[in-house]
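Here's the structure, in structure tokens; my notes come after.
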């Protein structure tokens, strides 16, 4: 049985306000709380039509994603390079999907991989979670720029209560690292219970001041999504993103990986598993402005644009993968801006995972792609925020150079200057 919304809200209120449950404010929609219509007017609601509900029908289109192998000779050199690296490391395989101009131009699995190989995707989960939560913004259940105390009345007056959903999705919340909170990895805990513990700890900086890449922000964001909907986060993702897009093999799993359903404690920033085609279906929806192939609008096009806008221009750069810190890579809402245009708008977007999985959208080449691999420790991955000390001596099987190799294979290389607006 799912927990009642009042119970979920109470758990957060109890810690953030250091008060017990019951009475005024114990229900997120009760007296002193905020209902959906209030949330819409209280802060930023991103809509581009009279009907702001995500579940509206627009123009349907034929999905480019199929289960067919597409062996494009343009990618033969890419295949040779990647399979050579994979063979060096002893990894089982890798795969690549590329859709350009709405057509599937490459889809291959190499060595022991198939098109149905399921892998954990680590931080590539962040893009999925940001999209899931932004459906709630579109629906008016959450406003980007309202403090989270709007949805957890008992948090009024606390430092954590002043954090906004925008700051959670852009990793500028000031929350402590999830590595400092053991219950984040405890399968006997729940997402909401543990989020209350995380949010009760002293902030490491004022909200909005510093960009610090990490899962803690989305852990709390996922708990708030549970509060306002009464639905466990893993199920919320399935209902709002995976099921409408036919992502049948994509799940947020229990923190110890023990189960894919009835998940009570997952990591919204890191615990998803998926296949090549499934994640491709997600990117296809993004490139179609938030619309699924059957015409169902999952996200407003203005919401997609906001997610792809640099959100950290006013923040000091803190921790991230070393190459990110060096470049001071811009960040949107749950996604990286890996290349930008001279005006600062996104040219290449991604959400890379530390195990090697890399999804991206390349606007210069009008394509989206998914590179699927799982580093088991015998190889190295550019972008791993906690690289092994001997990474320099390992064979690198993944990195943002994947995006560059694909663009070069199509004879339209990405710019050498990633950020010409600086």
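The values are calculated or read from the model by the stated rules, or taken from the named source; none is laboratory data. These numbers were taken from a predicted model, which means no experiment stands behind them. Cβ coordinates were reconstructed from backbone atoms using ideal geometry, including for glycine residues, and neighbour counts include every protein chain displayed.
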>> Based on this model, can you work out whether residue 289 counts as surrounded by 23 or more Cβ atoms within 10 Å (Cβ to Cβ) and assigned to a loop (DSSP other than H, G, I, E, B)?
In response: no
> Here is a list of conditions, (1) in contact with a helix residue (DSSP H, G or I) (Cβ under 6 Å, 6 or more places away or on another chain); (2) under 23 Å from residue 122 (Cα atoms), and residue 279 meets all of them except one; can you say which number that is?
Replying inline: (1)
> Quick check, is residue 94 part of a strand (DSSP E or B), in contact (Cβ under 8 Å) with a residue 40 or more places away in the chain and farther than 21 Å from residue 351 by Cβ?
Replying inline: no
>> With the requirement that a residue be touching a helix residue (DSSP H, G or I) at 6+ places or on another chain (Cβ under 8 Å) and more than 18 Å from residue 286 (Cα to Cα), what does the range 117-129 give you?
In response: 117, 121
> Quick one: what pairs do we get from the range 173-201, first residue more than 23 Å from residue 315 (Cβ to Cβ), second at pLDDT below 95 and in a loop (DSSP other than H, G, I, E, B), C-beta under 9 Å, 6+ apart or different chains?
Replying inline: 190/3; 192/3; 200/18; 200/158
> Out of all the residues in the range 350-386, which are modelled with pLDDT under 95, outside any loop (DSSP other than H, G, I, E, B) and touching a helix residue (DSSP H, G or I) at 6+ places or on another chain (Cβ under 7 Å)?
Replying inline: 380
> Regarding residue 313, is this residue more than 21 Å from residue 84 (Cβ to Cβ), without any contact (Cβ under 8 Å) to a residue 24 or more places away in the chain and part of a loop (DSSP other than H, G, I, E, B)?
Replying inline: yes
> Hey, residue 363 hits all of (1) in contact with a strand residue (DSSP E or B) (Cβ under 6 Å, 6 or more places away or on another chain); (2) in contact (Cβ under 8 Å) with a residue 24 or more places away in the chain; (3) more than 25 Å from residue 179 (Cα to Cα) but one; which does it fall short on?
Replying inline: (2)
> In the range 119-150, how many residues are within 22 Å of residue 196 (Cα to Cα) and part of a loop (DSSP other than H, G, I, E, B)?
Replying inline: 6
> Quick one: would you say residue 234 is touching a strand residue (DSSP E or B) at 6+ places or on another chain (Cβ under 6 Å) and either at pLDDT 95 or above or part of a loop (DSSP other than H, G, I, E, B) (or both)?
Replying inline: yes
> Do we have any residue at all in the range 162-181 that's within 17 Å of the chain's Cα centre (by Cα), part of a helix (DSSP H, G or I) and surrounded by fewer than 24 Cβ atoms within 10 Å (Cβ to Cβ)?
Replying inline: yes
> How many of the residues in the range 237-268 are free of Cβ contacts under 8 Å to residues at least 60 places away in the same chain, in contact with a helix residue (DSSP H, G or I) (Cβ under 6 Å, 6 or more places away or on another chain) and part of a helix (DSSP H, G or I)?
Replying inline: 1
> Would a scan of the range 208-216 turn up a residue that is in contact (Cβ under 8 Å) with a residue 12 or more places away in the chain, in contact with a strand residue (DSSP E or B) (Cβ under 6 Å, 6 or more places away or on another chain) and within 22 Å of residue 174 (Cβ to Cβ)?
Replying inline: yes
> When only residues in the range 97-116 that are in contact with a strand residue (DSSP E or B) (Cβ under 9 Å, 6 or more places away or on another chain), outside any strand (DSSP E or B) and in contact (Cβ under 8 Å) with a residue 24 or more places away in the chain count, which is farthest from residue 282 (Cα to Cα)?
Replying inline: 113
> So, in the range 187-212, of the ones that are in contact with a helix residue (DSSP H, G or I) (Cβ under 7 Å, 6 or more places away or on another chain) and assigned to a loop (DSSP other than H, G, I, E, B), which residue ends up surrounded by the most Cβ atoms within 10 Å (Cβ to Cβ)?
Replying inline: 207
